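Inspection log for the structure reproduced underneath, given as structure tokens.
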Amino acid sequence: MGKFASKLRIGEKIGFGFGLVGLLFLGVIWQYHSTLQQSLADYQRLQDVYGAKKSYALEIENSMLEARRVEKLFLIDRSEARVEEVGGHVQDVLRYAEELGNIDQSAAKTSSRIKELSLAYNQQFLMIADAWRTKGLDHNSGLQGAFRDTVHELEAMAGRFKVGNLYLQLLQIRRGEKDLGLRREAQYRDRVFQLIEEYKQKLADSELEQPVQEKFLQEINTYRDTFTVYARDVLSNQNVAGGKGPFRQAAHRLEALINGHYIPDLEQHILQLRRREKDYLLRGDKVYVDMALHELELINAQVKGSDISMTDKAMFGGLLAKYKNDFLALVEQNGRIEQVTEEMKKAVSEIAGLVDDNVVSANQTMNQMASDINLSSRENEKLMLWIVAGAVLLGIFFAITITLRIVHPLRKMAGILDQLAYEEPAERMPFVPEGRDEVNSMAESVNTMADHKARFIAWWKMSMEEADVCEQLKKVITAGDGQKNQSLGEAEKELLSAIAARRELLAEQYREISRLNRGISERAERLLKEHHKGESGTSINTIYHLTQSIRNILEMTATPHNSKAMTG
């Protein structure tokens, strides 16, 4: 770690420290971004899947409600345009169901069932529309129009047999005739003539066919003429033979004509039949069907029991049978419509159930996922806070570590410089060769200064020892013979020791010069590899060759003591 740190400059160390802290906070930012992206992705999935499920389910429900609304409008106004409109809403349901099925597998099953039910609903509605076309989209078409036309024919034919007022009028005439015979007063004759004129007017106002009216008119005229003769005889107090005469036969013929065109209570029963028909069409209760059929039976019985012609009876029977068949066919269509309507209701109810289940499921899942997302977000938030705290602590740790690696060598260097000022330093700064750290370079310089001072002191001590040895040697030479040999030997040892110390000092100086020269040579060689041009390149090349020359000189002056330094 120390060797790696020495390869970096102080600015690079500071930059490295800030870079580490920056990387830590980038990690925090990345964690925050990842948490945010995960939350956004979860919410997006929530929206894309379950939100879409809910949305499409509501669209299906709305389209189905619109189809049902138009269906009700069709039953009210029975417009063909409503049929196409219902089909359009069903197509919307199918389209939204298809979109719902594309979301996931569970939605695909629901979608398939909804499409199946929607198609069934549409098919059933088309069956209802066909049934209504058969029944009649209005009162003039279909079965409604058919039995309406039939009953109108019945009413028109009944008008031909509407002679009840003529019969009553005839009875009034016969009453006046009897009163005249009993009381023989002219007022009763005049009363009969007045009633005959009223009879003619009622005959003219009736719905009887023209030939029939002419027969009635002929007989009433015959009656009037014969009654005039009878009245003259009565008023002249002649014998009238009990009120019998030609006028009486004419009255009997009129009565026979009336009976041949009279069905009792026919109009009343036809109106009652129409009432029961309207009750059924209005309320749809089949009890009115039985009532209408009962009225038909009564009319048929009255027709058969009347004195009308067989041809008229056959016509009445045919119209009554046709009305009955058309009316019962309409009832059958209503039953079919009710049955298909129930099937439609079941299909719509099942679709509504599927939609509701889908919405409820989507809401539950959305709530659960929202809760899970919130829980995950809180956990990620706690994790991010721990990461931030860890990043801050690591940042502080790296800052302190880098600061100590800068400050501690400087503090130690200050102590060595203090020693250089007042004493010979005993320790050296840690130094890494080829280090780029400024503190490392300063350590090299401080170590060099300390080495120089140590060599200077050693040189000074050696010089002082040589001087002392020489002084002692001089004293020995001038001294007497008794102690001369002994003192000379001691002086010789001290001199040899001083010479050895000098050689060692020289060898150390030699090694230092070699080291410095080698450093200059290496730096010059690196500069040459950078391909400097011009004067700079020439100077660098010159320096490099000078270092080689110095090396050669040092090799030539090498001694056994310093040759090891050269090779090193």
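The values are calculated or read from the model by the stated rules, or taken from the named source; none is laboratory data. Keep in mind the model is a prediction, meaning the values are calculated, not measured. As a convention, Cβ positions derive from the backbone with ideal geometry for all residues, glycine included, and neighbour counts pool all protein chains shown.
Considering (1) surrounded by 12 or more Cβ atoms within 10 Å (Cβ to Cβ); (2) under 25 Å from Y32 (Cβ atoms); (3) not assigned by TED's automatic domain parsing to the domain that holds L24; (4) not acidic (D, E), say which one I402 fails and leave the rest.
All conditions pass for I402, except number (2).
I'm checking my understanding of the structure. Among residues of the stretch 213-225 that are more than 12 Å from L254 (Cβ to Cβ) and touching a helix residue (DSSP H, G or I) at 6+ places or on another chain (Cβ under 9 Å), which one is surrounded by the fewest Cβ atoms within 10 Å (Cβ to Cβ)? So that I can check it myself, show each step before the final result.
Quick first cut of the stretch 213-225, residues more than 12 Å from L254 (Cβ to Cβ) only: 213-214, 225.
If we keep only those that are touching a helix residue (DSSP H, G or I) at 6+ places or on another chain (Cβ under 9 Å) as well, we get 213, 225.
Working: Q213: 15, D225: 13.
Among those residues, the one meeting the criterion is D225.
Please list, ordered by first then second residue, the pairs with beta carbon atoms under 8 Å, 6 or more apart or interchain, first in the stretch 374-397 and under 14 Å from G27 (Cα atoms), second part of a helix (DSSP H, G or I) and modelled with pLDDT of 80 or more.
Between residues of the stretch 374-397 that are under 14 Å from G27 (Cα atoms) and residues that are part of a helix (DSSP H, G or I) and modelled with pLDDT of 80 or more, there is no close pair.
Got a sec? Which of L296, L217 is more than 60 Å from the chain's Cα centre (by Cα), at pLDDT 80 or above, over 26 Å from I173 (Cα atoms) and hydrophobic (A, V, I, L, M, F, W, C)? Spell out the reasoning first.
On the way: L217 fails: over 26 Å from I173 (Cα atoms).
Residue meeting the stated conditions: L296.
For L180, only one of the following conditions fails: (1) out of contact with any Phe, Trp or Tyr (no Cβ under 7 Å at 6 or more places or on another chain); (2) modelled with pLDDT under 80. What is its number?
The one condition L180 does not meet is (1).
So, in the stretch 61-94, of the ones that are among the basic types (K, R) and surrounded by 15 or more Cβ atoms within 10 Å (Cβ to Cβ), which residue ends up nearest to the chain's Cα centre (by Cα)?
Let us first name the residues in the stretch 61-94 that are among the basic types (K, R), namely 68-69, 72, 78, 82.
Right, trim to surrounded by 15 or more Cβ atoms within 10 Å (Cβ to Cβ) and you get 68, 78, 82.
Values: R68: 24, R78: 37, R82: 30 Å.
If we take residues in the stretch 61-94 being among the basic types (K, R) and surrounded by 15 or more Cβ atoms within 10 Å (Cβ to Cβ), then R68 is nearest to the chain's Cα centre (by Cα).
Only one of N447, N440 is under 26 Å from I14 (Cβ atoms), assigned to a helix (DSSP H, G or I) and at pLDDT below 70. Can you tell me which?
On the way: N447 fails: at pLDDT below 70.
Being under 26 Å from I14 (Cβ atoms), assigned to a helix (DSSP H, G or I) and at pLDDT below 70 holds for just one of N447, N440, which is N440.
Of the numbered conditions (1) over 60 Å from the mean Cα position of the chain (by Cα); (2) at pLDDT 75 or above; (3) loosely packed, with under 13 Cβ neighbours inside 10 Å, L417 satisfies every one except a single condition; which is it?
So L417 meets the others, but not (3).
Find the residue count for the stretch 307-324, including only residues that are more than 60 Å from the chain's Cα centre (by Cα) and without any contact (Cβ under 8 Å) to a residue 60 or more places away in the chain. Please lay out each step first, then the result.
Of the stretch 307-324, the ones more than 60 Å from the chain's Cα centre (by Cα) are 307-321.
Now restrict to residues that are without any contact (Cβ under 8 Å) to a residue 60 or more places away in the chain: 307, 309-311, 313-314, 317-318, 321.
Matching residues across the stretch 307-324 total 9.
Return a yes/no flag: does the stretch 279-299 have any residue that is outside any helix (DSSP H, G or I), of a type in the set (G, A, S), out of contact with any Leu (no Cβ under 8 Å at 6 or more places or on another chain) and under 18 Å from Q333 (Cα atoms). First the steps, then the outcome.
The first filter runs over the stretch 279-299 and keeps only residues outside any helix (DSSP H, G or I), leaving 284-286.
From what is left, the residues that are of a type in the set (G, A, S) are 284.
Next cut, out of contact with any Leu (no Cβ under 8 Å at 6 or more places or on another chain) only: 284.
Next, only the ones that are under 18 Å from Q333 (Cα atoms) stay: 284.
Within the stretch 279-299 (the criterion being outside any helix (DSSP H, G or I), of a type in the set (G, A, S), out of contact with any Leu (no Cβ under 8 Å at 6 or more places or on another chain) and under 18 Å from Q333 (Cα atoms)), the answer is yes, since at least one residue qualifies.
Would you check which residues across the stretch 196-222 are among the aliphatic types (A, V, I, L, M), in a helix (DSSP H, G or I) and touching a residue at least 24 places away in the same chain (Cβ under 8 Å) and list them? Spell out how you get there, then give the answer.
Filtering the stretch 196-222 down to residues among the aliphatic types (A, V, I, L, M) leaves 196, 203-204, 208, 212, 217, 220.
From what's left, in a helix (DSSP H, G or I): 196, 203-204, 212, 217, 220.
I196, L203, V212, I220, listed by residue number.
Do we find a residue being assigned to a helix (DSSP H, G or I), modelled with pLDDT under 80, farther than 30 Å from D104 by Cβ and not aliphatic (A, V, I, L, M) anywhere in the stretch 353-364?
No, there is no match, as no residue in the stretch 353-364 is assigned to a helix (DSSP H, G or I), modelled with pLDDT under 80, farther than 30 Å from D104 by Cβ and not aliphatic (A, V, I, L, M).
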